[in-house]
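To start, the structure itself, in structure tokens.
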Amino acid sequence: MFLAILAAMSRRFVTRNLTVAPRGEVSTRDLTVSQGVGTRDLTVAPRGFTRNLTVAPRGLARLLIALLVSALMAAQSTADLTKVFDVYLAAVKAKDFASVMSVYRASVRKQVVEIYVTPKQQAEYMKSLAEMAPESFSEARVTANGSTTALLRFMGARPVPADVQKAQKLPPVAKMPMVVEFANEGGAWKMGPPAFGAEAPKPPADAKAPKDFKMGVRADYGEESVTQLGGPILRVEKQATGTVYVVRMSDQEIAAFVPAKLVLPGFVIGRAIQLQGAMHRKDPQKFWADAAKLFGQAAK
């Protein structure tokens, strides 16, 4: 899975620097503020743009102190979050379902334990996580959203088998940008499943959500199975005859019903799926899948 995603997308992180000139002019050049892991970017003006801010000596001192405190706090946050992610990677490697659940956010943990109940189901879930997990990571950086949520971004890396290197013309080590969404719950940082890309797989704040998960029957949808649907899984609801996966599509969420015979163990929150089927005849936010697969894999 890691290599399939690599072949489909790539992105480089850009580091911006900060300069405070004697007159208080702020631009994006000479001074880099570093932290324990990677570099924390502090940008107060667009690239190549200089903003004149007349700063008195006392104001300049306060500004520099604020920047230093911010850098120290960012370093501490990065260390805290990477420690949690290290625990997650160790648990995935050990195939330890309980340990993975212990570092998950409450909302994610609730959905996972309701769906993956038996030891066999949990083993399949752990296998799907192992397919996505990097063997190492670097360039970690944190973007805080207030004091209770944060994003950990980094470059994940996995070695590429020699035959795959040759067939797909890939380097010995595959690297991909990844992101993990964290929340502070009861004073402890908890995480969601890692996702590929530099942004967390969630819709805009004003995204339209499905009104319900009453999916009906196949006859309620278009006759021809010609519509393609794909994206990261946001939420999951298991039903008697299949599973509903909420998938982000631009400015709205689509509730996609996948019959039980098409459901794969790897269909978990954070992973991207590709579906083929038909839209509901009356509700444009409901979809019925006739074929389903993980992004980059063959359809079931």
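The values are calculated or read from the model by the stated rules, or taken from the named source; none is laboratory data. Just so we're clear, the structure is a prediction, and the values are computed from it rather than from any experiment. FYI the Cβ positions are ideal-geometry reconstructions off the backbone, even for glycines, and counts take in every protein chain you see.
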Unmet requirement for residue 231, which otherwise passes all of (1) buried (at least 20 other Cβ atoms within 10 Å of the Cβ); (2) at pLDDT below 80; (3) more than 19 Å from residue 285 (Cβ to Cβ): (3)
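For (1) farther than 12 Å from residue 92 by Cα; (2) touching a Lys or Arg at 6+ places or on another chain (Cβ under 8 Å), each residue gets a yes or a no:
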site: 114; (1), (2): yes, yes
site: 119; (1), (2): yes, no
site: 122; (1), (2): no, no
site: 126; (1), (2): no, yes
site: 129; (1), (2): no, no
site: 133; (1), (2): no, yes
site: 145; (1), (2): yes, no
site: 148; (1), (2): yes, no
site: 151; (1), (2): yes, no
Helices (runs of 4 or more DSSP H) lying entirely in the range 50-154 (those with 1 or more residues that are at pLDDT 90 or above, in contact with a helix residue (DSSP H, G or I) (Cβ under 6 Å, 6 or more places away or on another chain) and aromatic (Phe, Trp, Tyr)): 57-93, 97-103
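Okay, residues lined up against (1) over 19 Å from residue 127 (Cα atoms); (2) modelled with pLDDT of 90 or more; (3) of a type in the set (S, T, N, Q):
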position: 251; (1), (2), (3): yes, no, no
position: 254; (1), (2), (3): yes, yes, no
position: 258; (1), (2), (3): yes, yes, no
position: 267; (1), (2), (3): no, no, no
position: 270; (1), (2), (3): no, no, no
position: 274; (1), (2), (3): yes, no, yes
position: 277; (1), (2), (3): yes, yes, no
position: 280; (1), (2), (3): yes, yes, no
position: 298; (1), (2), (3): no, no, no
Selected residue (criterion: surrounded by the most Cβ atoms within 10 Å (Cβ to Cβ)) from residues of the range 114-172 that are among the hydrophobic types (A, V, I, L, M, F, W, C) and touching a Gly at 6+ places or on another chain (Cβ under 7 Å): 137
Single residue of 219, 188, 291, 205 found to be modelled with pLDDT under 85 and surrounded by fewer than 16 Cβ atoms within 10 Å (Cβ to Cβ): 205
Single residue of the range 101-113 satisfying the filter (under 16 Å from the mean Cα position of the chain (by Cα) and over 14 Å from residue 236 (Cα atoms)) that is surrounded by the fewest Cβ atoms within 10 Å (Cβ to Cβ): 105
Candidate set from the range 158-177 (those that are touching a helix residue (DSSP H, G or I) at 6+ places or on another chain (Cβ under 9 Å) and part of a strand (DSSP E or B)); member that is farthest from residue 81 (Cα to Cα): 174
Checklist (1) within 16 Å of the chain's Cα centre (by Cα); (2) buried (at least 19 other Cβ atoms within 10 Å of the Cβ) applied to residue 77, failing item: (1)
Some residue of the range 139-158 being in contact with a Ser or Thr (Cβ under 8 Å, 6 or more places away or on another chain), without any contact (Cβ under 8 Å) to a residue 40 or more places away in the chain and under 17 Å from residue 195 (Cβ atoms): yes
